[in-house]
Amino acid sequence: MKKNFFLLLLLLMSGCAGLNLGQPERWVEKNILFSTKLPSLEVTVAPSLSFKKEENTGGITDSSKSTTGKVTGINIEWFYFVDTSNTKKLNFKFETLTTNTNWYMILPDYSQDPKTLISDSESFAGISFVTGISSDKYSGTPVLVKSFGAVVGETTRYQLFYMEKVSDDWLKKNKNILSASDRDFLVAFNKRANESFSITPYSGILSPAKRVEQKAQSATYSVPPANNTSKELPENIKKDIKQKCAAEFPSDYSKQAECVKKQEVAWMELNR
C-alpha cells in the first residue's frame, strides 16, 4: 500500500509537469528550442544552423507604459545558432519583466528604425509576428537582418533575428530607392529567413532538469523490478491514470488520450 501511494504521488507530480505549471523553462535539444510557456512552443531550427550557446542577462528598463514608475527589472535570455561558415545566424531573444506587475510589454516597431528597408506583419503556426528587414553591423560585419517580434501575456516579449553577411553597399541602401535587383535579393533573403525555422506547439517533453528530478524520484519511489516483471500496466494503474486525465481535460478527449499515453509511458519507464 505504501509503495502504491508513492507511485501514485509520482504520477501526480508527472501530471503537474504535463499541466505546464511553474516558471517557464527554455532549452535547446537536437537543434530544437523548447519553451514550456510564455510562449508555449517548439522551434525547430534548420540543420544548416547549429546551436552555439545560451546567454542570460538582466537589468533595468524604463518606459512610459508603467502606471507606477518608470523603471523595472527585466530578465533576458538569448539562444544563438550559426552556420559552419559563420555567415548566417539565427538568434532568439526572450524578455521578461520581473518586478513591476503594473508594467506590460509592447510589440517592437521595426518600421521606426531608420535602417529598416521593409516592415510587415506575418503569421507562423497561427502566431502573429511583426517583422522587419534591415541592414546593420553585427560584430563589425555588415549584415541583413530579418526580425520577428511577438508578445505573449503582459510580461513577455520574444524576438527572432535571422541574419546573413552582405556587402558594405547594403548599409547605404534607402528603403525609398531600391533597384529591381535589390528587391529581388530581398525577396530571396526573406524566403531563406522564413525557412530557417519552423514553429510547432510545445509537446510537453520534460526539460533536462525535470528529467533528472524525475529519475531521482523514480529511484526512490518506484516499485522494485522483482515485483513488477509484467510488460502490461496493472488494471488499477490504468484506471487511476484514465481518471486523472479525464479530470484534467474533462471535455477534450484528444488531450485525454494524449495524457493517458504519456502517463502510461512514464509509468512503464519508471518500472522497467
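Any read-out appearing in this document is the output of simple, stated calculations on the displayed coordinates, not a laboratory observation. Keep in mind the model is a prediction, meaning the values are calculated, not measured. Quick reminder, even Gly has a Cβ in these numbers, built from the backbone with ideal geometry, and neighbours come from all protein chains shown.
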Counted charge near Asn91, where neighbours are those whose Cβ lies closer than 12 Å (Asp, Glu -1; Lys, Arg +1): +3
Cross-link list Lys146/Lys215; Lys210/Lys255; Lys30/Lys239: which exceed 32 angstrom alpha carbon to alpha carbon? Lys146/Lys215; Lys30/Lys239
For segment 47-206, with the dipole built from +1 on Lys and Arg beta-carbon atoms and -1 on Asp and Glu ones, taken about the Cα centre, which of Asn190, Leu144, Gly204 lies farthest toward the positive end? Leu144
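Quick one, can you get me the convex hull of the C-alpha atoms of segment 134-253 expressed as volume per residue in Å³?
Spelled out: Cα convex hull of segment 134-253, divided by residues, is 257 Å³.
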Search the structure for amide H atoms under 5 Å from the amide H of Val166, placed 1.01 Å from N in the peptide plane, and list their residues when 5 or more places away or on another chain. Val143, Leu144
Dimensionless Rg ratio for segment 229-272, taking C-alpha atoms and the 2.2 N^0.38 Å reference: 1.16
